[in-house]
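The values are calculated or read from the model by the stated rules, or taken from the named source; none is laboratory data. Here the structure is a predicted model, which is why all the values come from computation and not from measurement. A quick note on method: Cβ atoms are made from the backbone with ideal geometry, for glycine too, and the neighbour counts reach across all protein chains shown.
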Amino acid sequence: MDKIVIKGGRRLKGKVKIVGAKNAVLPVMTACLLCRGVSVIENVPRLRDVTTMGKVLERLGARVKFEGDTLQVDTSGINSHEAPYELVRTMRASIYVLGPLLAAQGKARVSLPGGCAWGPRPVDLHIRAMRELGADLEIEHGYILGKAGKLKGATIRFSMSSVGATANTMMAACRASGTTVIGNAAKEPEIIALAEFLNRMGARIKGAGTETIEIEGVRKLSAADYRIIPDRIETGTYMVAGAITAGDIQIEDCVPEHVDALTRKLIQCGIKIETGKHSIRVKGKRRIDSVDMVTAPYPGFATDMQAQFMALMAVARGNSIISESIFKDRFSHVPELRRMGAKIKIEANTAHVGYVRRLSGAPVMATDLRASAALVLAGLIADGETHISRVYHIDRGYEAIERKLGNLGARVERVPE
Ligand code: EPZ
């Protein structure tokens, strides 16, 4: 296992290019299971989660080829309907095969995903939606066992906004007979991207990006080509890197409107932000003001940016109240930030973040993808060295983070643990 060693204190300057969105490419990869043929997906990031999803598809009989940032997914040889525990437990998004398998093969045996560092991650909304589309699902020995004749369109209203459940339902409904209407659908850009890809395959989806998505089932879907949208969470992470180091970073190949909520918060902190069509310039400053923040479904403040923003608030003047409304206790980064001197008190789903003039470098441990990003950001401005172990968590969602930060002037290296 590797670790990342950061010597803090450098103001980051220069340009950084954003890669394709992890949370868009994962459902697009599973959507390929809805047809037999070769789909070509461009602007795919080199991430552990993408490799893992490739293994899940290969276990189902697909052939996955990665050349540069282009992924070829050949599903002509699909010969299984099983997503095994040893793969699903490493990546919750494997659950995205459930809808496509039921729609395309009429059966599925998918391991229940485990929890994660910050607690249980149920899939009850996925299961309920599949049943409403006519599938028979049983839970046995940690697996979801599904059988379905032809799925039937239904009107499904989610009790809470769920990206995964919306994605799974959209994919399953594409090949159901009749029309499906999803109420309280997730509005994330990744849902719009998935709908775009499915429509290129021949699906008939309207309303992606709004609360109500309508899917008219079709008999057949075909392979398609698609270019993945930029990763808004990688974008936000580098925006905070520019802010926290009082640097001056030009972020390129991004979609500014996808990070509107973060931009507004950073401006309230006193950070200068200039947005172009596909770029954002972030000019940090030494003493920033703290602001309160509540995470919310898109277009609200992304829960996947909560840990990174907390690292920034740890060195912002005043007190910041950060409420995590999407996941229960998504605060595994807090004990590690405290080891670096941050003043953070947790009450239920709210963090009260005080001010410290300087964080201090320390050996810390990554526990999940976005918590690790927060530790990297804290290390960039901490006094001395920060050693972040279990860096495989970072590799799940950030491509070549030490190279990109190094190119911006950070003193960061990856060393074997
Ligand atoms: C997606 O996870 C993202 N993952 C997460 O990003 C992101 O944090 C999350 O959406 C919220 O934006 C991918 O896209 C691969 P949800 P997902 O279903 O779909 C509850 C990252 O860092 N819920 O929108 O699993 C759930 O517990 C990852 O890239 C149920 O109760 O999230 C949560 O409280 C981390 N039952 C809320 O809904 C269900 O069946 C929203 O979760 C499903 C979800």
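Is there a residue being of a type in the set (Asp, Glu), within 22 Å of Ser161 (Cβ to Cβ) and surrounded by fewer than 23 Cβ atoms within 10 Å (Cβ to Cβ) anywhere in the stretch 230-253?
no
Out of all the residues in the stretch 172-192, is one or more under 15 Å from Glu216 (Cβ atoms) and assigned to a helix (DSSP H, G or I)?
Pass one, the stretch 172-192, residues under 15 Å from Glu216 (Cβ atoms): 172-182.
Imposing the further condition that a residue be assigned to a helix (DSSP H, G or I) reduces the set to 172-173.
Yes, because at least one residue in the stretch 172-192 is under 15 Å from Glu216 (Cβ atoms) and assigned to a helix (DSSP H, G or I).
Return the residues of the stretch 184-233 that are closer than 23 Å to Val64 by Cβ and of a type in the set (S, T, N, Q); say none if nothing qualifies.
Asn199, Ser222 - these are the residues of the stretch 184-233 that are closer than 23 Å to Val64 by Cβ and of a type in the set (S, T, N, Q).
Out of the residues in the stretch 159-184 that are aliphatic (A, V, I, L, M) and under 17 Å from Arg204 (Cα atoms), state the one that is nearest to the ligand (Cβ to nearest atom).
Ala167
Within the stretch 213-229, can one find any residue that is under 26 Å from Ala374 (Cβ atoms) and in contact with a helix residue (DSSP H, G or I) (Cβ under 8 Å, 6 or more places away or on another chain)?
yes
Answer with yes or no whether Arg131 is in contact with a helix residue (DSSP H, G or I) (Cβ under 6 Å, 6 or more places away or on another chain) and of a type outside the set (Ser, Thr, Tyr).
no
Residues that are surrounded by fewer than 24 Cβ atoms within 10 Å (Cβ to Cβ) and either out of contact with any strand residue (DSSP E or B) (no Cβ under 9 Å at 6 or more places or on another chain) or on the phi > 0 side of the Ramachandran plot (or both), at least 1 per element: which strands (runs of 3 or more DSSP E) completely within the stretch 309-403 meet that?
Output list reads 344-347.
Arg264 is checked against (1) charged (D, E, K, R); (2) in contact with a strand residue (DSSP E or B) (Cβ under 7 Å, 6 or more places away or on another chain); (3) within 25 Å of Asn349 (Cβ to Cβ); (4) surrounded by fewer than 16 Cβ atoms within 10 Å (Cβ to Cβ) and fails just one. What number does that condition carry?
Every condition holds for Arg264 apart from (2).
Of all residues in the stretch 216-266, which are among the charged types (D, E, K, R) and farther than 30 Å from Thr75 by Cβ?
Asp248, Glu252, Glu257, Asp260, Arg264, Lys265
From Val40, Val28, Val5, grab the single residue that is of a type in the set (A, V, I, L, M, F, W, C), away from the ligand (no atom under 16 Å from the Cβ) and either within 17 Å of the chain's Cα centre (by Cα) or closer than 30 Å to Gly409 by Cα (or both).
After ruling out the rest, the residue left standing is Val5.
Search the stretch 17-44 for residues that are within 13 Å of Ala195 (Cα to Cα) and pair each with any residue that is of a type in the set (S, T, N, Q) and away from the ligand (no atom under 15 Å from the Cβ) when their beta-carbon atoms are under 8 Å apart and the residues are at least 6 apart or on different chains.
Partner pairs satisfying both residue conditions: Cys32/Ser39; Cys32/Thr75.
Could you tell me which of the residues Ile139, Ile144, Ile156 is touching a Ser or Thr at 6+ places or on another chain (Cβ under 7 Å), more than 11 Å from the ligand (Cβ to nearest atom), part of a strand (DSSP E or B) and on the phi < 0 side of the Ramachandran plot?
Every option except Ile156 fails the conditions.
Under 6 Å by Cβ, and 6 or more places apart or on different chains, what pairs join a residue from the stretch 121-132 that is of a type outside the set (Gly, Ala, Ser) with one that is surrounded by fewer than 19 Cβ atoms within 10 Å (Cβ to Cβ) and assigned to a helix (DSSP H, G or I)?
Arg121/Arg92
Can you find, within the stretch 79-100, the residue that is farthest from Ile144 (Cα to Cα) among those that are more than 12 Å from the ligand (Cβ to nearest atom) and aliphatic (A, V, I, L, M)?
Here is the first cut: in the stretch 79-100, the residues more than 12 Å from the ligand (Cβ to nearest atom) are 79-90, 97, 99-100.
Next, only the ones that are aliphatic (A, V, I, L, M) stay: 83, 87-88, 97.
Details: Ala83: 10, Leu87: 14, Val88: 12, Val97: 11 Å.
Ranking the candidates gives Leu87 first.
Could you tell me which of the residues Asp231, Asp248 is charged (D, E, K, R), in contact (Cβ under 8 Å) with a residue 40 or more places away in the chain, within 16 Å of the ligand (Cβ to nearest atom) and in contact with a Gly (Cβ under 9 Å, 6 or more places away or on another chain)?
On the way: Asp248 fails: within 16 Å of the ligand (Cβ to nearest atom).
Every option except Asp231 fails the conditions.
Just the residues that are among the basic types (Lys, Arg) and not in a helix (DSSP H, G or I), please, taken from the stretch 404-417.
Arg411, Arg414
In the set Arg357, Arg403, which member is free of Cβ contacts under 8 Å to residues at least 12 places away in the same chain and away from the ligand (no atom under 14 Å from the Cβ)?
Criteria check complete, one pass: Arg403.
Go through (1) without any contact (Cβ under 8 Å) to a residue 24 or more places away in the chain; (2) within 17 Å of the chain's Cα centre (by Cα) and name the single condition Leu137 misses.
Result: Leu137 fails condition (2) only.
Please find, among Gly37, Gly77, Gly68, the residue that is under 23 Å from Cys174 (Cα atoms) and out of contact with any Ser or Thr (no Cβ under 8 Å at 6 or more places or on another chain).
Numbers: Gly37 fails: out of contact with any Ser or Thr (no Cβ under 8 Å at 6 or more places or on another chain); Gly68 fails: under 23 Å from Cys174 (Cα atoms).
Unique residue meeting the criteria: Gly77.
Could you say whether any residue in the stretch 68-91 is surrounded by fewer than 22 Cβ atoms within 10 Å (Cβ to Cβ), assigned to a strand (DSSP E or B) and in contact with an Asp or Glu (Cβ under 9 Å, 6 or more places away or on another chain)?
Within the stretch 68-91, one or more residues are surrounded by fewer than 22 Cβ atoms within 10 Å (Cβ to Cβ), assigned to a strand (DSSP E or B) and in contact with an Asp or Glu (Cβ under 9 Å, 6 or more places away or on another chain).
Only one of (1) modelled with pLDDT of 95 or more; (2) in a loop (DSSP other than H, G, I, E, B); (3) within 16 Å of the ligand (Cβ to nearest atom) fails for Val291. Which number is that?
(3)
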